[in-house]
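The values are calculated or read from the model by the stated rules, or taken from the named source; none is laboratory data. Note that this is a predicted model, so its numbers are computed, not measured. Heads up, the Cβs are rebuilt from the backbone with ideal geometry, glycines too, and the neighbour counts pull from every protein chain shown.
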Amino acid sequence: MPHALAVDDDPNFLNALAELIEGQGFTTNTATTLQDARERLLHKRPDIALIDLRLPDGSGMELLRELERTRTTEVIMITGHADVDSAVEALRIGATDYLTKPLDVARLKEILARVAQDDPSATPQTSPVEEAEKSGRLGLLLGASEPMLDIYRQMVRVAPTDATVFFIGESGTGKDVASQTLHVLSARSDAPYLPLNCGAITPTLIESELFGHERGSFTGAAKRHKGYFERAHGGTLFLDEISEMPIELQVKLLRVLETGELVRIGGDQTVEIDVRVIAATNRDPNEAVREGKLREDLLYRLSVFPVHMPPLRERDDDLDLLADFFLAQLNEQAETEKSFADDAREAFRAYPWPGNVRELKNVVHRAFIMADETLDAACLPSRLRGGSGAARNLSLAVGTAIADAERRLILATLEQQAGDKKRAADLLGVSLKTLYNRLNAYKEAGERVPEMDGDEAGEGEE
Ligand SMILES: Nc1ncnc2c1ncn2[C@@H]1O[C@H](COP(=O)(O)OP(=O)(O)OP(=O)(O)O)[C@@H](O)[C@H]1O
Ligand SMILES: [Mg+2]
């Protein structure tokens, strides 16, 4: 008979859990503290351990680390919604999965069934994408819409390789979380993951931050400094906002990526590096090349494996799932039981989400604060209450290129005017011909432009 150990400090929850596990044909031991659990482990090694993250005498993570050394027990962490970050850390250390409270009983049963009949040679393993399809998430990424499943498929394929992955997508589409997830899924997950936002540090410092420097190599370099590349040794380096990196440095970066070696500033020795690089941008990389912000040769190198993160407006199926998750997280932190009204969900569906998942998360947070019990449309910011046809806002990050801002403004206006080009041109204060010229250019650049096929494009009647 397979054996399980359940560890949780809440005795009621623990009893219910133990009963459930026994019902699936396991013998079960329970423990309410770390110490308790360690004693149980001395007597009998379980096939599966379900461990609460927060225990009175420490973190369930410690137990996970101990169990991982022998690798004979499958570990599932149990966490609150508020602890998802730690859960991801647990996956990194070696936990097979994590479950959030309240438990998804169907999912737990599936896991137990798999462990119970774990004849390693016989059981067909469900693929991570199939699992993600059921659970609605992969690592830190939530979503079960077709565009997200497609992302999961690509990520699961590329994660175990050392290929440079380039996440491209609008602000708030989850490039950061996708990058972290990729690291967790890779063979490098025990080694460091270092994110560097190329747009956030002073251009003059990026070089020494990335490649390091030797003592005395410039004023202020009092001792040898290891850069991100060296510190990420064996692990993953995430270069966020890559097109913000000064162009001269992009040359140097490309050389490092190609040779796998670097020379610290002021040094003469080459240092071999073993780092998987992930890059991201929220701009159109081809446009960044045209504007001279991104070197074409670097783009080629990064484009070995580009992953286009879908904007939220193309993931309608995920709106409820994401909104529910964010609300559950807030409810748990505040120990409340607030819920959405239908009109709030409708407003979510009608809104185009220019700020993507980040915007949704913020909107839910705001509504949560505004609501007593029920989050209804009245708790939403006015831009979501406008309904169709009303003026909507376009949110632009400071530093957006003018051409980019113009493109988004034009497309948003056209969308708001339901594709009526005359009205859109009037509102924008440009001639219809100008509008058509722009739209044709966007279309040529691969942008999706509404109703441009075979209509009067380029007629130029004004
Ligand atoms: N698929 C997703 N599942 C869960 N959370 C998500 C998802 N996508 C984004 N988020 C959340 O939205 C916020 C923004 O995500 P993230 O920082 O990864 O976006 P980004 O694409 O890097 O944006 P930017 O271009 O502005 O840096 C974070 O709080 C993140 O947790
Ligand atoms: Mg980001």
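Matching residues to (1) surrounded by 21 or more Cβ atoms within 10 Å (Cβ to Cβ); (2) in a loop (DSSP other than H, G, I, E, B):
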site	(1), (2)
Gln35	no, no
Arg38	no, no
Arg45	no, yes
Ile51	yes, no
Ile76	yes, no
Sort through Ser217, Ser243 and tell me the only one that's more than 16 Å from ligand 2 (Cβ to nearest atom), surrounded by 14 or more Cβ atoms within 10 Å (Cβ to Cβ) and of a type in the set (Ser, Thr, Tyr).
-> Ser217
Note on the stretch 166-185: residues away from ligand 2 (no atom under 14 Å from the Cβ) and at pLDDT 90 or above are His183
Any idea which of Thr100, Thr96, Thr70, Thr27 is β-branched (Val, Ile, Thr) and modelled with pLDDT of 90 or more?
-> Thr27
Given Ala82, Ala6, which one is surrounded by fewer than 22 Cβ atoms within 10 Å (Cβ to Cβ) and within 19 Å of Asp104 (Cβ to Cβ)?
-> Ala82
When restricted to Asn286, Asn356, Asn331, Asn282, the only residue in contact with an Asp or Glu (Cβ under 7 Å, 6 or more places away or on another chain) and under 15 Å from Phe166 (Cβ atoms) is Asn282
Residues satisfying the stated conditions in the stretch 208-225, i.e. modelled with pLDDT under 90 and either under 19 Å from Leu299 (Cα atoms) or assigned to a loop (DSSP other than H, G, I, E, B) (or both) = Glu214, Arg215, Gly216, Ser217, Phe218, Thr219, Gly220, Ala221, Ala222, Lys223, Arg224
If you check Leu103, Leu99, Leu108, Leu138, which single one turns out to be touching a residue at least 40 places away in the same chain (Cβ under 8 Å) and either within 16 Å of ligand 2 (Cβ to nearest atom) or touching a Phe, Trp or Tyr at 6+ places or on another chain (Cβ under 7 Å) (or both)?
-> Leu138
Are there any pairs, at least 6 apart or on different chains, whose C-beta atoms fall under 7 Å, with the first in the stretch 170-182 and without any contact (Cβ under 8 Å) to a residue 60 or more places away in the chain and the second more than 6 Å from ligand 1 (Cβ to nearest atom) and not basic (Lys, Arg), and if so, which?
-> Val177/Leu140
Those residues that are of a type outside the set (Ser, Thr, Tyr) and either away from ligand 1 (no atom under 16 Å from the Cβ) or in a helix (DSSP H, G or I) (or both), I need them from the stretch 160-176; list them, please.
-> Pro160, Asp162, Ala163, Lys175, Asp176
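Residues are listed down the side, and each one gets a yes or a no for (1) small (Gly, Ala, Ser); (2) out of contact with any strand residue (DSSP E or B) (no Cβ under 7 Å at 6 or more places or on another chain):
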{"position": "His3", "(1), (2)": "no, no"}
{"position": "Ala6", "(1), (2)": "yes, no"}
{"position": "Asp10", "(1), (2)": "no, yes"}
{"position": "Thr33", "(1), (2)": "no, no"}
{"position": "Ala49", "(1), (2)": "yes, no"}
{"position": "Thr73", "(1), (2)": "no, no"}
{"position": "Ile76", "(1), (2)": "no, no"}
{"position": "Thr79", "(1), (2)": "no, no"}
When restricted to Leu312, Leu322, Leu298, Leu294, the only residue within 16 Å of ligand 1 (Cβ to nearest atom) and over 20 Å from Arg358 (Cα atoms) is Leu294
When restricted to Leu149, Leu249, the only residue away from ligand 2 (no atom under 16 Å from the Cβ), part of a helix (DSSP H, G or I), of a type outside the set (Asp, Glu) and over 19 Å from the mean Cα position of the chain (by Cα) is Leu249
Result of the Cβ filter at 7 Å on the stretch 296-319, keeping first residues that are more than 16 Å from Arg153 (Cα to Cα) and partners that are among the acidic types (Asp, Glu) and surrounded by 14 or more Cβ atoms within 10 Å (Cβ to Cβ), at least 6 apart or interchain, is Pro311/Glu170
Which members of the stretch 46-90 meet the condition of being aliphatic (A, V, I, L, M) and either in contact (Cβ under 8 Å) with a residue 60 or more places away in the chain or in contact with an Asp or Glu (Cβ under 6 Å, 6 or more places away or on another chain) (or both)?
-> Ile48, Leu53, Leu55, Ile76, Ile78, Ala82, Val84, Val88
